[in-house]
1. Quick one: ranking D181, D230 by accessible area, 1.4 Å probe, largest first, what do you get?
2. For region 1-66, which GluC sites (Glu not before Pro) pass both filters: DSSP loop (anything but H, G, I, E, B) and at most 16 other C-beta atoms within 10 Å?
3. Round to a whole number: what % of the accessible area of the chain belongs to carbon and sulfur, probe 1.4 Å?
4. Taking the Cα centre of region 120-193 as the origin, how large is its charge dipole in debye, to the nearest 20, when only Lys and Arg (+1) and Asp and Glu (-1) carry charge on their Cβ atoms?
5. With every protein chain kept in place and ligands, DNA and RNA left out, what is the accessible area per residue of region 54-195? Probe 1.4 Å, answer in Å².
6. List the residues whose amide H sits under 5 Å from the amide H of L4, counting only those 5 or more places along or on another chain, with H placed 1.01 Å from N in the peptide plane.
7. Would you list K150, K115, K69 from the most to the least accessible area, probe 1.4 Å?
8. Just to confirm the filter: which GluC sites (Glu not before Pro) across region 188-284 are DSSP coil and have at most 13 other Cβ within 10 angstrom of their Cβ?
Amino acid sequence: MLILKTVAEVKNFIKNVKEADKTIGFVPTMGYFHKGHLALMKCSKEQCDVTVVSIYVNPMQFGANEDFKSYPKDLERDAELAEQAGVDVLFVPEDKEIYPEGFNTKVEVGEDLTKKLCGIRRPGHFTGVTTVVLKLFNIVKPDYAYFGEKDIQQLLVIKRMVRDLNLDVEIVPVKTMREADGLAMSSRNAYLNPDERKAAAVLYRSLLKAKKAWEEGERSAEKLCDIARDELLCEPLAKVEYVEIYSYPDLKPLDEVKGAAVLALAVRIGKARLIDNVILGVEK
Ligand code: PAF
């Protein structure tokens, strides 16, 4: 596995891959790998000739009071895991490679997708994500790029950017990987102490309770959210940020859940802000 640090090195590598007519799969990450990341890499390996993974904790997508400075890092372990996963290139740029002196451009997807859910609570977050992801796409020029369904709004925002800007990359959604108790895998789970970690199972439990009610015929968006919120409120360590339902995939507000919908939530437990979601009404 090659570990490359500069845009020029990656572009040069990609040029040769393109000349050999090979397909490129790309997994953009912020590192501190868990099984969710490894599942993205596995999908890329299965589908593409060459797999590129980036590790970059992107300052532009963090708010002033967020965890940019404390975001967990372990490059040595990440490199070992990526190597074992059969990754061809690990791109680990420094800030000056991504945001050189004078950088002053933003890529912003419209408010219909970005001014709700996490977009309201983390102003500027999705602009940071789309700006860095478009830059990474322009550097890596992937045929396929892999994103986890845990960050469902991010996935939908990136799909919209790709469609609206006619980018030649196919976005491949990958199922959320979960711990045995249902907790969605996330690098931020590392912030949880043992009690908080136990408490964090409440996120998926709440989603499943609402999903069961939906399966049994409940169609009121408000009631479904209440069912999930009531379950969250049973856990004293959980501070609910939001529980919301929107149509899927266009994220329109809903009173009645008639077609496909996404029930999503964000909860703070200790120092961690955790998100999760379930999709209702889509055959998987
Ligand atoms: O999901 C993430 O880890 C990040 O938002 C991403 C897509 C790597 C962009 O920084």
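The values are calculated or read from the model by the stated rules, or taken from the named source; none is laboratory data. Bear in mind that the values here come from a model prediction, so they are computed numbers and not experimental data. With ideal geometry, Cβ positions are generated from the backbone for all residues, glycine too; neighbour counts draw on all protein chains shown. Only protein heavy atoms, including side chains, enter the accessible area calculation; ligands, DNA and RNA are left aside. Shrake-Rupley method; radii C 1.70, N 1.55, O 1.52, S 1.80 Å.
1. Values: D181 70, D230 90 Å².
In descending accessible area the options line up as D230, D181.
2. Details: sites: E9, E19, E46, E66; in loops: E66.
Answer in residue order: E66.
3. 49 percent
4. 240 debye
5. Accessible area per residue, region 54-195: 48 Å².
6. The list, which skips near neighbours in sequence, is L90, F91, V92.
7. Output order, biggest surface exposure first: K69, K115, K150.
8. Values: sites: E196, E215, E216, E218, E222, E231, E241, E244, E256, E283; in loops: E216, E218, E283.
Passing both the DSSP loop test and the Cβ count: E216, E283.
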